[in-house]
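J.: The following block contains the structure, expressed as C-alpha cells.
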Amino acid sequence: FRMFIGVQFSLVVICTLVLWFHNVYSSALMTINQAFFQVVSMATTAGFTTDSIARWPLFLPVLLLCSAFIGGCAGSTG
C-alpha cells in the first residue's frame, strides 16, 4: 500500500511540474488541483474528468494510462 501511495504521489508531482512548465493552467492552485484529480481518477479507474486532457502534453496522458494499469492490478476493485 505504501508503494502504491508513493507512486501516486510521484505521478501527481510529475504531472503538476509538467503542466506548470507548459503553462496549461493560469494558476498554481488550478494546476495542482487538475493534476491531483486526474491522477487519482485514472489510477483508480474511476473514469471521472474535470477538464479535457487534450491540451496536456502527450507524455502525460500516456503516463496516466500506465498508472491505470497499476491501479487496476490484482487485488484492486478496478
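No lab work stands behind these numbers, since they all come straight from the coordinates. Just so it is clear, the structure is predicted and the values come from calculations on it, not from any experiment. Cβ: placed from backbone, ideal geometry, glycine included. Neighbour counts: every protein chain shown.
J.: Would you mind ranking Thr16, Thr45, Thr50 by Cβ crowding within 10 Å, fewest neighbours first?
T.: Sorted ascending by nearby Cβ count, the order is Thr50, Thr45, Thr16.
J.: Calculated FRET efficiency, Met3 and Met30, Cβ-Cβ r, R0 30 Å, to nearest 0.05?
T.: In this case the efficiency is close to 0.55.
J.: Going by average Cβ density within 10 Å per residue, which order do the peptides 26-35, 52-61 take, highest to lowest?
T.: Going from most to least packed, we get 26-35, 52-61.
J.: Let me ask something else. What distance in nm lies between label points placed 7 Å from Cα along the C-beta direction at His22 and Ser52?
T.: 1.4
J.: Which of the following values of log10 I(q)/I(0) by the Debye sum over Cα atoms at q = 0.16, 0.19, 0.23, 0.24 Å⁻¹ was calculated from the structure shown: (1) -0.59, -0.79, -1.05, -1.11; (2) -0.53, -0.74, -1.05, -1.13; (3) -0.71, -1.06, -1.59, -1.68?
T.: Calculated log10 I(q)/I(0) by the Debye sum over Cα atoms at q = 0.16, 0.19, 0.23, 0.24 Å⁻¹: the matching label is (2).
J.: Between helix 59-71 and the chain, what is the angle of the helix's C-alpha long axis to the longest principal axis, kept within 0 to 90° and rounded to the nearest 10?
T.: That works out to roughly 20 degrees.
J.: Moving on. Rank the residues Met3, Met42 as a footprinting-exposure proxy: fewest other Cβ atoms within 10 Å of their Cβ go first.
T.: Ranking Met3, Met42 by Cβ neighbours within 10 Å, fewest first, gives Met3, Met42.
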